[in-house]
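These notes are about the structure you will find just below.
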Amino acid sequence: MFEALETIREVIPELFPGATDFPVQPETLLSDIPEWDSMTSVNFKVFLEETFGVTIPDDLLEGGSTIGEVITFIGRADS
Amino acid sequence: MNPSSMPADPLGIAKSLFRLNQAWMFDSGNLPAMTSAMYATIEAAAAEQIRFVTENKAGKAQAEAPEAALLEAVKICSKLVNKFYNAYATWLRDYINCAPELCQKDKRRSLFWINQMISAFSPANFFWTNPAAVQKFLQTRGESLVSGCENLRQDIQRGDNLIQIADTAAFKVGHNIALTPGAVIFRNRLMELIQYSPRTERTYEIPVVFVQPWINKYYILDITEEKSLVAYLLNHGFTVFAVSWKNPSADMKLVNFEDYMLRGALKAIEVASEICGCEQVHAAGYCIGGTVLCALLAYLNKGPREAGVAIRDLTLFATLVDFSSPGELEVFVTEEFVKIIEDAVYKEGYLDKKFMAATFRALRSNNLIWRYFIHNYLMGEAPPKSDFLFWNSDSTRLPAAMCSYYLREFYLNNNLVKEDRLQLGNRPISLRRIKEPLYLVGTQQDHICPWKETFKIFDHVGGPKRFALSDEGHITGIVNPPSARSRRRHWVSDINGLRAPEQWLSEQREKQGSWWPDWVYWLSEKSGQTVEPPGMGNDKYPVLQKAPGSYVLEQ
């Protein structure tokens, strides 16, 4: 989980240019990420799928989900 | 178009920035403090990095693991450059937002164009200040840039000046996208009407007719089974029709907004009514599809009383009728720029789809331009397999006459909300004549049809009104299927009396999940009896082709 979190932390400023110093924690809500909207969520989905090799369901990447829930899903899908 | 004959600054960029500078000249306010703060940020960042470099044993690391040392150096430099960049970007935005005595319109325009520049100059867009791109380069022994150059070559060769944002080979309409079974049961020069196959043993008497936007293709409400509003309605016992518009060619130069209203929307409603054996339909329009439905309903209500009104009730998704503050597209709406567009479209016969695509991408340049610049060129990745992005890039042309009319009468002159100012189908158009029940859906992050602007329709129409505000944006706020895991939110209520949108929202209780069930319930109350499903087409309108039809495939 830690590795996935670090990978996501590194990419967040790239995918969300307004989030350069934004602290990303497992409990961070996706909708709290600066410039989170439906288009950035698509880019985030693409990144997760390409990086972790899993298919991310659309309803996992809604604003009310947390980074931790996304990472947990990736971990389960991978095992 | 002859560059020397173009008016200077048709988009008002220089004008807005000039007014911005003038505003500061007359009152410097806290500009000195803002600038000092920026320099302090830059100094602190530089000091931090210089301290790191002088304390770092870079020489030893380089010898032992040169690639790791290179990457570390790139990360250090990028971190510093990003701090400088963010300091400058923040200062520029504050320079606009804090400008004294500057009207909101000039602020918005200045901010839009400055943000285009800020996005373009992001350090992430340059190879040596993008650590992820350098890391990929090292991991792939340079192949990432080879792939990136090939992606660039293909985009240049395609000739549309657009970066490919979706793997267009991964999707084929009718094969793995837009799959809900149905048939084309009517076709004219302007549209194909699709009737979907029923899914329940009995269906409501009154069908739903979707008048889709003709900017991009119709199937956004039927992308996949899981996300399909069409399928959702079918599963709940409705007969559903959808208009699939022809991608106009040059010979459709004189096709006008009135044609879309009468030969498109109205014809679709008439055909659907005949097939279902009913006098009225539920009419649902999305974006410009909703705008044309509003005009149509006003037109029908001006007709002879004995003719009746073929629309039982109206649903609008993310639709503007009042264009006084039309979201971010406003920056492109000036008399001079509309004139340039008109000159171009009347020469070609249409507004080219690549122009439409470029315009909408500019509204979200970070996400729809620079993200893919990095992904496709610097990282050498293939465009992603995303059904939403595929649809987003499946753009359409606009006929010259319709384009000119829409830009002038709606965006420039805002005439739809002016009583009887527009004449369509030889009738004066007034929204005040609309008394049919209205269900309006707005979306919180809509930058094309801001929800507070869509709310203004309630100032004009009579009849019972209900408003649902969905979270998210212009597309995913509407394509919002219910799901057990969903954390989506919405607010919904009947609209009684006039109130400002903010006031309305403050009085609502947030609800979890999608607004779709609320809409379906609202429709079902007005849908009459359930009957045996109508046949697919009839003698007058036989099945012509399986859905999704032909027009949707035309590029």
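Looking at this structure, is B:Gly477 in a loop (DSSP other than H, G, I, E, B) and within 30 Å of B:Gly308 (Cβ to Cβ)?
no
Rundown of residues vs (1) surrounded by fewer than 20 Cβ atoms within 10 Å (Cβ to Cβ); (2) over 28 Å from B:Pro450 (Cβ atoms); (3) not β-branched (Val, Ile, Thr), yes/no style:
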| position | (1), (2), (3) |
| --- | --- |
| B:Lys267 | yes, yes, yes |
| B:Val271 | no, yes, no |
| B:His282 | no, no, yes |
| B:Val292 | no, no, no |
| B:Arg305 | yes, yes, yes |
Practice problem: Please work out which one of (1) in contact with a Ser or Thr (Cβ under 9 Å, 6 or more places away or on another chain); (2) modelled with pLDDT of 90 or more is the condition B:Lys354 fails and give its number. | Solution: (2)
Self-check item: Exclusive hit being outside any loop (DSSP other than H, G, I, E, B) and either touching a strand residue (DSSP E or B) at 6+ places or on another chain (Cβ under 7 Å) or charged (D, E, K, R) (or both), set B:Lys540, B:Lys452, B:Lys526
Solution: B:Lys452
Exercise. Enumerate the pairs (first residue in region B:136-165 and surrounded by 15 or more Cβ atoms within 10 Å (Cβ to Cβ); second residue anywhere and among the acidic types (Asp, Glu)) with beta-carbon separation below 6 Å, excluding pairs fewer than 6 apart on the same chain, so at least 6 apart or on different chains.
Key: B:Leu138/B:Glu67; B:Ile163/B:Asp155; B:Gln164/B:Asp155
Self-check item: Matching entry among B:Leu138, B:Leu179, B:Leu193 (being more than 14 Å from chain A (Cβ to nearest Cβ), at pLDDT 90 or above and in contact with a strand residue (DSSP E or B) (Cβ under 7 Å, 6 or more places away or on another chain))
Solution: B:Leu193
Practice problem: Return only the number of the condition from (1) crowded, with 19+ Cβ neighbours inside 10 Å; (2) over 16 Å from the mean Cα position of the chain (by Cα); (3) not in a loop (DSSP other than H, G, I, E, B) that B:Pro428 does not satisfy. | Solution: (1)
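Residues are listed down the side, and each one gets a yes or a no for (1) free of Cβ contacts under 8 Å to residues at least 24 places away in the same chain; (2) over 30 Å from B:Ala178 (Cα atoms); (3) small (Gly, Ala, Ser); (4) crowded, with 22+ Cβ neighbours inside 10 Å:
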residue: B:His460; (1), (2), (3), (4): no, yes, no, no
residue: B:Pro464; (1), (2), (3), (4): no, yes, no, no
residue: B:His474; (1), (2), (3), (4): no, no, no, yes
residue: B:Gly477; (1), (2), (3), (4): no, no, yes, yes
residue: B:Pro482; (1), (2), (3), (4): no, no, no, no
residue: B:Ser493; (1), (2), (3), (4): no, yes, yes, no
residue: B:Leu498; (1), (2), (3), (4): no, yes, no, no
residue: B:Pro501; (1), (2), (3), (4): no, yes, no, no
residue: B:Ser506; (1), (2), (3), (4): yes, yes, yes, no
Quiz prompt | Options B:Ser249, B:Ser197: the member that is farther than 24 Å from B:Pro533 by Cβ and either more than 21 Å from the chain's Cα centre (by Cα) or without any contact (Cβ under 8 Å) to a residue 40 or more places away in the chain (or both) | solution = B:Ser249
Self-check item: The listed residue being without any contact (Cβ under 8 Å) to a residue 60 or more places away in the chain and either in contact with a helix residue (DSSP H, G or I) (Cβ under 8 Å, 6 or more places away or on another chain) or of a type in the set (Phe, Trp, Tyr) (or both), out of B:Tyr521, B:Tyr541
Solution: B:Tyr521
Quiz item: In region B:1-32, what residues are among the hydroxyl-bearing types (Ser, Thr, Tyr) and at pLDDT below 85?
Solution: B:Ser4, B:Ser5, B:Ser28
Exercise. Tell me which of these B:Asp539 doesn't satisfy, since it passes every other one: (1) over 25 Å from B:Leu193 (Cβ atoms); (2) away from chain A (no Cβ under 14 Å); (3) of a type in the set (Asp, Glu).
Key: (1)
Self-check item: Qualifying positions in region B:391-402 - assigned to a helix (DSSP H, G or I) and surrounded by fewer than 24 Cβ atoms within 10 Å (Cβ to Cβ)
Solution: B:Trp391, B:Asn392, B:Ser393, B:Ala401
Quiz item: Just to be sure, is B:Arg108 within 11 Å of chain A (Cβ to nearest Cβ) and of a type in the set (D, E, K, R)?
Solution: no
Quiz item: Could you list, in sequence order, the residues of region B:146-166 that are within 17 Å of B:Trp370 (Cα to Cα) and in contact with a Lys or Arg (Cβ under 9 Å, 6 or more places away or on another chain)?
Solution: B:Asp160, B:Asn161, B:Leu162, B:Ile163, B:Gln164, B:Ile165, B:Ala166
Practice problem: Tell me which of these B:Arg371 doesn't satisfy, since it passes every other one: (1) within 14 Å of chain A (Cβ to nearest Cβ); (2) surrounded by fewer than 18 Cβ atoms within 10 Å (Cβ to Cβ). | Solution: (2)
Quiz item: Identify, please: which residue in region B:233-263 is part of a helix (DSSP H, G or I) and among the aliphatic types (A, V, I, L, M) and is, among those, surrounded by the fewest Cβ atoms within 10 Å (Cβ to Cβ)?
Solution: B:Ala250
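The values are calculated or read from the model by the stated rules, or taken from the named source; none is laboratory data. Keep in mind that what you see is a predicted model, and the values were worked out from it rather than measured. Cβ atoms come from the backbone with ideal geometry, glycine included; neighbour counts cover every protein chain shown.
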